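Take a look at the structure below.
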Amino acid sequence: GDSDGDFLRVAKEQCTAQISINDSFALPSEPAIRITSGKPIYCCPHGFIYRHITESDFYTMEKTWSELIDNSDVNPLFMGWHWMMSWWKNWGRTLNLSLKVTLIFDRDTLIGILPFYSYKKNFLVQYQFIGNAWGLAPTVRSEYSSPIFHKDKANVLYESLKSYISSTPMNTSFLFPDTQGNNMPGLSVWQHRIDSGYKIDVSGRFDDYLPSLGRMTRLKAFNRRSYLLEHYPDVQFVELPLNTQQIDDFFNTLNSFHLLRWGKPCFSFQAVAFHKQLLSVSKDIKGLLSYLKIDKHVISASYNLQVKDVIYNIQSGYLEDFDKKISLGTLHMGWVIEQAFKSDGIKYFDFLAGFGRVEDYKRHYRGYIVEFLTLQYFSSRLIGSIYSGYYLSKVSIRRVMNLLRLPFAGRL
């Protein structure tokens, strides 16, 4: 991105702005979800009824949504009602999206939720999960995307969803960003990309985990701590209380570190608002905000979220050129991981997807790999073939252009 003076000034003003939750964010109490809730749009061969609900119904579904999450195998953070509701509040209208949350009933029992929205792109009507705006706009990244299906009926519900997708108009597609596999073989699908993340089992003893790491990882993440304590006064690892002022200061600090390193904040104004709402309205999501401080000055910040027995690594920032012998981000990560091992009831520390600035640093922590696929399903095989052919031709043209540039590269 651009990093001239005007951009930095605007970005700094944006990330230091005070954001508060609007009074209109208060939600009504939840009525019971009935078989008559929502407009019926499809009855599949298995006898399940699909119903679109209104936005006001969506805002009252916290309890019912959470109960289905508890009886499913989906991710409770990214597919949870609080994450999706906060995302929709911040980006739904801004991006001019149409809410298409769909409930699936087996007679009078809710057995599935499809948390979709729709929009038009070129000649396609596209559906996508709330929580991502893949190919549309930068929002926040929501991983482990999937339909919310009761675990006892998941297989037959995926078959039902295949039938539903096939029944939609031929110019319809369904985007599944950062999902964990193709659960609907047989449909026309295009795989846009594969990303990798890492997840550490922290249910054992920290002293047993440490020797499993490589020598340089142990040095950077843990052993350099003694150097820091020896050469700098009053070193502190500080876990922040979640009051309004501390949260405001934390996101301002985190964005400031990214401004210094990248020339832009890590979280936009809307993304900061999203995370503040998330931390304020949910009792099921625990914010783990921490600093490394030297002589009361913040030198590193780490933002993590805990849901049930998993801690998710969301974002971090630090002073890059603080000391050539220390990688502050790696050292701070070591503190956070050690805390996860020593916390009761925590089973996993999830790094999520993404790479470092120079290398895939997450692999050094000896977690197991989690693959994330971005898939696009098509109701029509013809349209799917045309779409995939279009993408393949774009890739081929780009490769040819790059090859043509090579002979002239040294002259430019």
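Quick note: the coordinates plus some simple rules give every number you see, no bench work behind them. Computed from a predicted structure; not experimentally measured. Quick reminder, even Gly has a Cβ in these numbers, built from the backbone with ideal geometry, and neighbours come from all protein chains shown.
Here the sum of -39500 (n - 2.57) over DSSP H runs of 4 or more residues, divided by the residues of the chain, equals -10500 deg cm²/dmol at 222 nm, to the nearest 500. Rounded, prolate or oblate for segment 296-377? Axes are the square roots of the Cα gyration tensor eigenvalues, ordered a ≥ b ≥ c, and the cut-off for rounded is a/c under 1.5. The shape class here is oblate. Comparing GLU371, GLU230, GLU55 in a Gaussian network model of the chain where C-alpha atoms under 10 Å apart are linked, the largest mean-square fluctuation is found at GLU230. A DSSP coil position with no more than 13 other Cβ atoms inside 10 Å describes the following trypsin sites (Lys or Arg not before Pro) in segment 64-166: ARG93, ARG107.
If I take R0 = 25 Å and measure r between the Cβ atoms of LYS324 and TYR368 in this structure, what FRET efficiency does the formula 1/(1 + (r/R0)^6) give, to the nearest 0.05? It would help to have the intermediate numbers written out before the result.
Working: r = 33 Å, r/R0 = 1.31.
The value I calculate is 0.15.
Please give me, ordered by residue number, the trypsin sites (Lys or Arg not before Pro) of segment 233-331 that lie in loop per DSSP and have at most 11 other Cβ atoms within 10 Å. Answer in residue order: LYS283, LYS296, LYS324, LYS325.
For Kirkwood radius over Cα pairs in Å, one of [x] 22.5; [y] 24.4; [z] 23.6 was computed from the structure I shared and the rest are decoys. Which label? Of the labelled values, this structure produces [z]. Tell me whether segment 80-129 comes out rounded, prolate or oblate; compute the Cα gyration tensor, take square roots of the eigenvalues as a ≥ b ≥ c, and use a/c under 1.5 as the rounded threshold. Cα axes put segment 80-129 in the oblate bin. With the simple spin-label model, which puts each label point 7 Å out from Cα in the Cβ direction, the SER393 to ARG107 separation comes to 5.3 nm. Among the DSSP helices (H) of the chain, those spanning at least 30 angstrom by Cα along their long axis with an average Kyte-Doolittle hydropathy of -0.5 or more are 381-405; this is a geometric and hydropathy rule only. Under 14 Å Cα to Cα from LYS283, which aspartates and glutamates show up? Leave out anything in the same chain fewer than 8 places away. Result set, ordered by chain and number: GLU62.
Extension gain for ILE386-SER66 works out to 111.3 nm (0.36 nm per residue, less the C-alpha to C-alpha distance). Return the single residue from PRO177, PRO233, PRO138 with maximal mean-square fluctuation; model: Gaussian network over the chain, springs between Cα atoms under 10 Å. In the Gaussian network model the winner is PRO233.
Taking all Cα pairs closer than 8 Å and separated by 6 or more residues, the relative contact order of the chain comes to 21 percent. Bridgeable aspartates and glutamates around LYS286 (alpha carbons under 13 Å apart, same-chain partners fewer than 8 residues away excluded): GLU239, ASP309.
Spin-label pair LEU95-ASN223: with each label point 7 Å from Cα along the Cα-Cβ axis, the two points sit 4.5 nm from one another.
What fraction of the DSSP beta bridges in the chain is antiparallel, stated in percent and rounded to the nearest 5? Walk me through the numbers on the way to the answer.
Details: 70 of 78 bridges.
That works out to approximately 90 percent antiparallel.
Of the listed pairs LYS100/LYS342; LYS293/LYS342; LYS153/LYS347; LYS89/LYS264, which have alpha-carbon separations greater than 32 Å here?
Numbers: LYS100/LYS342 42 Å; LYS293/LYS342 21 Å; LYS153/LYS347 27 Å; LYS89/LYS264 24 Å.
In this structure, LYS100/LYS342 lie more than 32 Å apart at Cα.
When only Cα pairs below 8 angstrom with a gap of at least 6 residues are kept, segment 44-166 shows a relative contact order of 30 percent.
So if each residue of separation counts as 0.36 nm, and I subtract the Cα-Cα distance between HIS192 and ARG215, what length gain in nm does that give?
Details: separation 23, 0.36 × 23 = 8.28 nm, distance 3.66 nm.
Length gained, HIS192 through ARG215: 4.6 nm.
For LYS296, the lysines whose Cα falls under 22 Å of its own Cα, not counting residues fewer than eight places away in the same chain, are LYS324, LYS325.
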